[in-house]
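Q: Next up is a structure, given as structure tokens.
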Amino acid sequence: MLSAVLLACAGTAFAGEAKQDFKLVNKTGYDISEVYVSPSKMDEWGDDILGDDDNLDDGNTVNIRFKNAGKVCKWDLKVVYDEDDSSAIWNDIDLCEVSKVTIFYNRKSDKTSATFE
């Protein structure tokens, strides 16, 4: 289990944000049913931070907020598509430097990519 507790909340900025907090933007053309964030050195993903009944619909943004993240800056991100349960993973994202991750899907190449701001 992760030592950091992650909360996904739509809305405005949070008071006392951890340096690892970030916005996840879905511009894939598909809904995302699950999102996992884990320290890069961990072997497990932990819990889906969207929760059992939530999706990140195409075109929407979710704020990922960390509680007790400590000094860990390198994190892995995994998203699972609602339509077919396929997934995409990014490793070693420096969330101490990145505040926004935008995910894209290219139908021609069948590849999911991301930009990090």
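The values are calculated or read from the model by the stated rules, or taken from the named source; none is laboratory data. What you see is a predicted model, and the numbers here were worked out from it, not measured in a lab. Positions of Cβ are generated from backbone atoms using ideal geometry, with glycine treated the same way; all protein chains shown enter the neighbour counts.
Q: If a residue must be over 20 Å from ASP47 (Cβ atoms) and surrounded by 20 or more Cβ atoms within 10 Å (Cβ to Cβ), how many such residues does the range 64-88 contain?
A: Within the range 64-88, residues that are over 20 Å from ASP47 (Cβ atoms) and surrounded by 20 or more Cβ atoms within 10 Å (Cβ to Cβ) number 0.
Q: What residue, among those in the range 94-117 that are assigned to a loop (DSSP other than H, G, I, E, B) and touching a residue at least 24 places away in the same chain (Cβ under 8 Å), is farthest from the chain's Cα centre (by Cα)? Explain how you work it out, then say what you get.
A: First, pick out the residues of the range 94-117 that are assigned to a loop (DSSP other than H, G, I, E, B): 95-99, 107-110, 117.
Cutting the leftovers down to touching a residue at least 24 places away in the same chain (Cβ under 8 Å) gives us 95-99, 107.
On the way: LEU95: 11, CYS96: 14, GLU97: 15, VAL98: 12, SER99: 11, ARG107: 21 Å.
So, considering only residues that are assigned to a loop (DSSP other than H, G, I, E, B) and touching a residue at least 24 places away in the same chain (Cβ under 8 Å), the one farthest from the chain's Cα centre (by Cα) is ARG107.
Q: Any residue in the range 68-85 that is under 14 Å from THR28 (Cα atoms) and polar (S, T, N, Q)?
A: Looking for residues that are under 14 Å from THR28 (Cα atoms) and polar (S, T, N, Q), one finds none in the range 68-85, hence no.
Q: Give just the number: which of (1) under 13 Å from the mean Cα position of the chain (by Cα); (2) farther than 19 Å from LEU50 by Cα; (3) among the polar types (S, T, N, Q); (4) surrounded by 13 or more Cβ atoms within 10 Å (Cβ to Cβ) does ASN91 not satisfy?
A: Unmet for ASN91, out of (1) under 13 Å from the mean Cα position of the chain (by Cα); (2) farther than 19 Å from LEU50 by Cα; (3) among the polar types (S, T, N, Q); (4) surrounded by 13 or more Cβ atoms within 10 Å (Cβ to Cβ): (4).
Q: If you take just the strands (runs of 3 or more DSSP E) that sit entirely in the range 1-71, which of them hold at least 1 residues that are at pLDDT below 95?
A: Working: elements: 5-9, 22-27, 32-39, 61-67.
Correct list: 5-9, 32-39, 61-67.
Q: Condition check: surrounded by 16 or more Cβ atoms within 10 Å (Cβ to Cβ), in contact with a strand residue (DSSP E or B) (Cβ under 7 Å, 6 or more places away or on another chain), under 14 Å from TYR105 (Cβ atoms) and of a type in the set (S, T, N, Q). Does ASN26 satisfy that? Walk me through it before giving the result.
A: On the way: surrounded by 16 or more Cβ atoms within 10 Å (Cβ to Cβ): yes; in contact with a strand residue (DSSP E or B) (Cβ under 7 Å, 6 or more places away or on another chain): yes; under 14 Å from TYR105 (Cβ atoms): yes; of a type in the set (S, T, N, Q): yes.
Yes, satisfied.
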